[in-house]
1. If a residue has to be crowded, with 21+ Cβ neighbours inside 10 Å and either in a helix (DSSP H, G or I) or without any contact (Cβ under 8 Å) to a residue 24 or more places away in the chain (or both) to count, how many in the stretch 113-146 make the cut?
2. For the stretch 585-608, which positions are surrounded by 19 or more Cβ atoms within 10 Å (Cβ to Cβ) and either at pLDDT below 85 or touching a Pro at 6+ places or on another chain (Cβ under 9 Å) (or both)?
3. Could you say whether any residue in the stretch 50-61 is part of a helix (DSSP H, G or I) and either within 16 Å of ligand 2 (Cβ to nearest atom) or surrounded by fewer than 17 Cβ atoms within 10 Å (Cβ to Cβ) (or both)?
4. Looking only at residues that are of a type in the set (Ser, Thr, Tyr) and within 11 Å of ligand 1 (Cβ to nearest atom) in the stretch 113-131, which one is farthest from GLY8 (Cα to Cα)?
5. Limited to the stretch 345-359, what total is found for residues that are open to solvent by less than 10 Å² (accessible area, probe 1.4 Å) and either within 14 Å of ligand 1 (Cβ to nearest atom) or of a type outside the set (S, T, N, Q) (or both)?
6. Out of LEU284, LEU316, LEU307, I need the residue that is within 16 Å of ligand 2 (Cβ to nearest atom), within 30 Å of the chain's Cα centre (by Cα) and at pLDDT below 90. Which one?
7. What do you reckon, is ALA94 crowded, with 21+ Cβ neighbours inside 10 Å, within 27 Å of GLN242 (Cα to Cα) and more than 12 Å from ligand 1 (Cβ to nearest atom)?
8. Are any residues in the stretch 71-127 in contact with a strand residue (DSSP E or B) (Cβ under 8 Å, 6 or more places away or on another chain), of a type in the set (A, V, I, L, M, F, W, C) and away from ligand 2 (no atom under 16 Å from the Cβ), and if so, which ones?
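The values are calculated or read from the model by the stated rules, or taken from the named source; none is laboratory data. Predicted model only: the values in this text are computed from it and were never measured. Using ideal geometry, Cβ is built from the backbone for each residue, glycine included, and neighbour counts are taken over all protein chains shown. Heavy atoms of the whole protein, side chains included, go into the accessibility calculation; ligands, DNA and RNA do not. Shrake-Rupley method; radii C 1.70, N 1.55, O 1.52, S 1.80 Å.
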Amino acid sequence: MAGMAEKGTVKETIQIFARVKPTREETSKVYSVNNDEAAGASVEFVVPKDLGDGYVNNKLENYKFRFRRVFDQTAGQEEIFETIAQPVADRVLAGYNGTIFAYGQTNSGKTFTITGGARSYGDRGIIPRTLSYLYQHIIQDSTMVYTTHISYLEIYNNVCYDLLDRQLEACRLEDLPTVTIMHDSEQNIQLRNLSIQQSANEEEALNLLFLGDTHRMTAETLLNKASTRSHCIFTVYLCGRQPGSATVRRSKLHLVDLAGSERVNKMALGGQLLTEAKYINVSLHYLEQVIISLSESRAHIPYRNSLMTSVLRDSLGGNCMTTMISTISVDKTNLKESMSTCRFAQRVALIKNEAVLNEEEDPVLLIARLKRENQSLRDELAMVTGEPRQEQLTQYEIQKLEVQVKDFLEDTDPEATLALGTDLQKIRRCFTLLKTIVSGLRQQLTIIQEKLGRANGTGNELTPLSAVATAPDFIPLNEAVRGILISEKEETEKTRDQDTTAQLNGPRLSIGKEEAFEIFMRDHEDRLTIEDNKAVLKQRYIEAKGLGVQVNKTRDSINELKKQLEMRRIQRADQDHREEEEQDPVEAIILKQVEAEKKEFKSYIGDLKTLRTEIQHVQLLMERAKVKLQKDFKEWWSEETPGPQDSGAPSRLQTGRPSLNSKPSSPGRPGSGGHSLSYFPAHKQQEPYSHVPSATDLRSFVPKIQTMQTPSEDRPASSHQRGGSVLELTPQLRDLSSIKPADYSIPLTGDSRIDDDILAFVRARQNLLQRRDTPQQ
Ligand code: ADP
Ligand code: MG
């Protein structure tokens with residue numbers, strides 16, 4: 001399949017893989033996976049004939065599809081990464097473009113595969129794992145200098161959004177920046193308004209990924225859309241060159257989470273959703289057109305028909321190594337879609353790509369290099385033929401040298417030189433300058449060490465820099481330990497008040513809303529995720545601390561051994577040993593011990609670094625879960641409370657009849673798991689916080705509410721026992737919907753704005769209680 005046609009060109013068909021999503025259904029009769037075929041692997045479905053081709057027939061029929069490999073239900077994220085993504089990442093590091101895209105119906109596991117699950121570190125998907133892999137390689141490879149950039153794009157209804165644009169935090173629809181596409185004279189596409197952000201290390205890249213994912217969530221609310229209808233493209237831009245060389249390799253890696261591929265006819269949709277479905281189907285339809293044209297080697301490939309195919313042009317039949325993951329669900333109701341996903345993949349497998357090594361001479365670098373060479377040749381020539389200078393350096397020359405040295409030290413380019421020509425006086429002067437600078441730094445270092453020692457006390461202190469500098473691998477140690485200790489400190493500070501609602505709540509809420517939030521949060525599925533992750537973090541911090549202690553111990557014992565070595569050498573020197581007897585067995589033993597300790601030291605550092613990545617990831621997961629919680633609450637609150645326009649109309653309370661309002665499945669809601677009872681929102685609020693009265697406004701009615709919290713006997717206790725201040729369901733509360741406003745035991749204030757809020761709160765609470773009382777499916 002793959003072959004090197006000429007140097008730097010790889011011809012290869014698009015690699016197709018399949019992944020079966022885990023299910024609880026009994027599916028052994030429905031499909032089977034075979035990974036040991038001569039031609040690769042296959043998945044075979046056994047279904048009633050009518051499922052396959054539309055005939056109604058009870059006969060069973062077999063449908064078999066070939067893949068490079070099929071990952072069955074039990075396959076883990078690591079295996080997926082190693083088999084699918086790692087080879088692509090290797091090619092990208094070598095200078096080739098790569099694309100991995102997930103295709104399948106909604107809920108089949110595309111996002112889980114590409115980004116990962118939001119629950120645990122082990123669930124992280126291809127993007128975070130690939131970032132980890134790339135940066136590991138970049139750090140270790142000393143023969144190359146790399147720079148990395150990242151962009152994150154979302155295409156929704158054929159409009160591009162930049163997910164890394166911080167304006168997305170502005171939270172107003174009209175503020176959403178859109179990215180436009182332009183074709184240059186060579187038919188290359190340029191994306192205008194797409195920010196491409198530099199990310200120097202794994203941490204920064206991960207932060208960008210999470211920033212984008214959070215924005216994806218925000219945009220979802222703003223546009224009132226479902227993420228399942230958008231395509232997301234996460235791109236890593238890599239630029240590498242050898243130090244001193246003007247040849248650069250630029251490669252791109254697209255990691256693509258496509259919109260759900262389901263057919264419109266299967267969905268019972270109306271209004272807005274239909275438009276969206278049409279749009280995804282339009283863009284996926286164009287993707288299919290492109291794939292068909294390519295697989296049949298047609299002359300014209302209709303890339304330009306949609307934004308998505310324009311952006312992915314290179315990935316499809318162009319300069320790129322492309323891999324497709326077909327995510328399939330084998331639940332009975334999804335078999336038809338799964339087979340159509342497999343059928344699509346068979347087409348895709350026919351497409352030939354031709355990836356070329358993206359190598360070019362960078363003219364700027366080339367000129368710089370030639371200039372340097374030129375200068376050094378001149379210097380050599382002058383050295384050979386010139387006359388040494390006699391007179392002293394002038395004040396002006398000295399000043400100029402100082403500037404030159406400063407620039408030289410600040411230049412991050414490893415090839416920077418201090419061009420001094422042949423003037424020995426200048427060379428000497430520069431050495432003196434450098435010496436002064438170094439001794440100044442030494443002094444500062446001593447001061448910092450002393451301060452650090454004092455701040456940390458004894459025992460579990462930060463590694464003193466001098467000791468670290470003599471130990472192997474000193475920079476990572478310092479960074480790893482400090483990184484963890486600092487984030488731990490932040491985290492302890494955070495967890496201290498995390499248990500209060502306010503922490504999760506974001507902006508300060510009125511007391512009534514706060515109480516509602518507390519109840520909301522208690523039943524929210526992400527609450528568990530956050531708590532689990534909190535426990536994981538705690539555990540990891542303990543482990544990191546333990547490792548820190550080990551690191552310090554090993555370092556101390558290395559220092560101790562070094563002292564012994566020194567003593568031994570001095571002793572032997574005193575005894576006036578002769579050169580030939582130099583091999584001292586005692587010294588050899590000590591050296592061996594030092595080696596062993598150093599090895600251990602390195603392995604602790606390695607563990608510490610791994611731990612650090614995990615801690616960062618889990619922290620980000622928690623952040624994201626919190627944002628989601630707030631968002632879900634905001635949505636729920638705005639649905640449960642009438643907008644400002646409806647203020648002063650308490651009678652609405654009675655007209656707001658309970659109705660079955662089937663929402664787009666939102667697992668995050670209390671009482672989730674299917675339909676939930678809710679009022680139709682009287683008015684969709686733009687900004688739920690904008691008219692919320694202050695805490696003091698509402699305080700007046702709070703005690704009254706609390707008087708209603710007497711335990712009642714006519715309900716099962718279990719559903720109320722989880723939290724601390726549990727809202728008790730009383731007959732009064734249950735009957736609230738039938739009470740006229742005048743019957744309320746809550747005094748209204750007369751201020752329509754506040755009263756409105758009070759009523760909204762009561763109603764929201766009542767809804768919630770009603771929901772919790774409704775048996776869940
Ligand atoms: P899609 O992006 O295709 O719509 P998701 O990736 O969001 O689907 O998956 C739907 C649900 O199934 C999510 O809750 C996800 O966590 C879960 N899921 C998907 N694939 C797996 C898997 N391989 N293992 C465990 N859970 C999975
Ligand atoms: Mg998804």
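1. 9
2. PHE601, ILE605, LEU608, listed by residue number.
3. Checked against the condition, which is being part of a helix (DSSP H, G or I) and either within 16 Å of ligand 2 (Cβ to nearest atom) or surrounded by fewer than 17 Cβ atoms within 10 Å (Cβ to Cβ) (or both), the stretch 50-61 yields at least one hit.
4. SER120
5. Number satisfying all stated conditions: 4.
6. The unique qualifying residue is LEU284.
7. no
8. Listed by number, the residues that qualify are PHE71, ALA75, ILE84, ALA85, VAL88, ALA89, VAL92, LEU93, ALA94.
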